[in-house]
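These notes concern the structure reproduced below.
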Amino acid sequence: MIPKVELHCHVEGAAPPALVAAKAAERGIDVTGLFDAAGGYAWSDFTSFLAAYDRVAAVFRSAEDFADLAAAYLAASAAEGVIYTEVFVSPDHARRQGIAYTDYLGGIAEGLRRAEREHGIVGRIIPLIERHFGPEAAVAAARTAVEHLLPEVVGFGMAGDERMGMPADFAPAFAIATEAGLPLTCHAGEVCGAEMVRATLDAIPVRRIGHGVRAIEDPDLVRRLAAEGVVLECCPGSNVALGVFPDFASHPFPALRAAGVTVTLSSDDPPFFHTSMAREYALAAEHFGCTDADLLAISSAALEAAFCDEATKARLRSRLSPAAAII
Ligand SMILES: Nc1ncnc2[nH]cnc12
Ligand SMILES: [Zn+2]
């Protein structure tokens, strides 16, 4: 099994539908229309996906809920050969559910520690601001994030509806994180085009871009990403499910890689997109021509781009040898 490294997974977006249905029933939460006939999440476009995501997030209400969610996701990932995962968390989702951020973050951190004890997978946390909640909420969420720096918190970023506002509007929130020493990532170039990736690079000192795949529309920008060593957190299964590209044959992952851009593989919101880390790696082999050696190199690039400390990386590097891939 190829050892895998995940840099981009939203914790609420990893919630299995059956768990959400059970928690909702237990708590009398109305989930009408949230599930499709097959028991998966029902959504039809990016807007309804984000709305479904918010409804899923709303069924988790306690530190234990979040610990169980994080531990279950990492345990399932470990079974697929994942050795390291950075989970995105959202102070705004906690606030909107009326959960203390300390409970939310503490629960997730406890879940990650449990998964490491039981399955050897290492988990770290990246708090995100949500673009569609606006720049003021973003500043408040950034303050919340930097006031609660557990050892597992290793970075800071932004997700949400890319069609709302411009990256520069959120620069003050990112500056709070930078001042606290957190490296940055930001979703861009997913539902919006190359111009949004460029605007992100111009306004925010990111080391990584969430998705970023529509940079392919602008060859100068692709050269800039390669030259500046900006890492793309690619999630091809998510992109095709959301209609960013019509099929895997049209996905720019191989072209970006050939152009010298550092591309990595992640699952984004796995049950929403019927994916997992194993499926993302399998898709890359099937559709992007990646050999086992390529996939191992992609895992290695992801580990180098991870936001955890050097000691953690050194510990994990030994698990990325070709020999480890055979087991
Ligand atoms: N793919 C995605 N894009 C933007 N925001 C998100 N939040 C959860 N998944 C997301
Ligand atoms: Zn994402």
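Quick note: the coordinates plus some simple rules give every number you see, no bench work behind them. A quick note: this is a predicted structure, and the numbers were derived from the prediction, not measured. A quick note on method: Cβ atoms are made from the backbone with ideal geometry, for glycine too, and the neighbour counts reach across all protein chains shown.
The HN-Hα couplings worked out from phi for segment 235-246 by the Karplus form 6.51 cos²θ - 1.76 cosθ + 1.60 (θ = phi - 60°) are 9, x, x, 4, 4, 6, 4, 7, x, 4, 10, x Hz, whole numbers, x standing for Gly and Pro. Shape call for the chain from the C-alpha gyration tensor, a ≥ b ≥ c root eigenvalues: rounded (a/c under 1.5), prolate (a/b greater than b/c) or oblate? Verdict is rounded for the chain.
For 264, 275, the sequence from fewest to most other C-beta atoms within 10 Å is 275, 264. Model label sites at residue 228 and residue 42, defined 7 Å from Cα along the beta-carbon direction, differ in position by 4.2 nm. Only bridges with both residues in the chain count here: give the DSSP antiparallel percent, nearest 5. Around 5 percent of the beta bridges assigned by DSSP in the chain are antiparallel ones.
Proximity of backbone amide H atoms, modeled 1.01 Å from N, is registered between residue 124 and 85, 86, 87 at under 5 Å, excluding neighbours fewer than 5 places apart on the same chain. Take every pair of alpha-carbon atoms less than 8 Å apart whose residues are at least six positions apart; their mean separation over the length of the chain yields a relative contact order of 20 percent.
Computed from the C-beta positions of residue 249 and residue 203 and an R0 of 25 Å, the FRET efficiency is 0.15 to the nearest 0.05. Using helices alone, I'd like the mean residue ellipticity at 222 nm for the chain: each DSSP H run of four-plus residues gives -39500 (n - 2.57), total over residue count, nearest 500. So the calculated ellipticity at 222 nm is -14500 deg cm²/dmol.
Using only the Cα atoms of segment 2-99, build the gyration tensor, take square roots of its eigenvalues as a ≥ b ≥ c, and label the shape rounded, prolate or oblate: rounded if a/c is under 1.5, else prolate if a/b is larger than b/c, else oblate. Judged from the Cα gyration tensor, segment 2-99 comes out prolate (a/c at least 1.5, a/b above b/c).
With an 8 Å Cα cut-off and a minimum separation of 6 or more residues, compute the relative contact order for segment 10-76 in percent. Here the relative contact order equals 41 percent. Cα centroid distance between segment 2-65 and segment 212-239, in Å? For segment 2-65 versus segment 212-239, the Cα centre distance is 28 Å.
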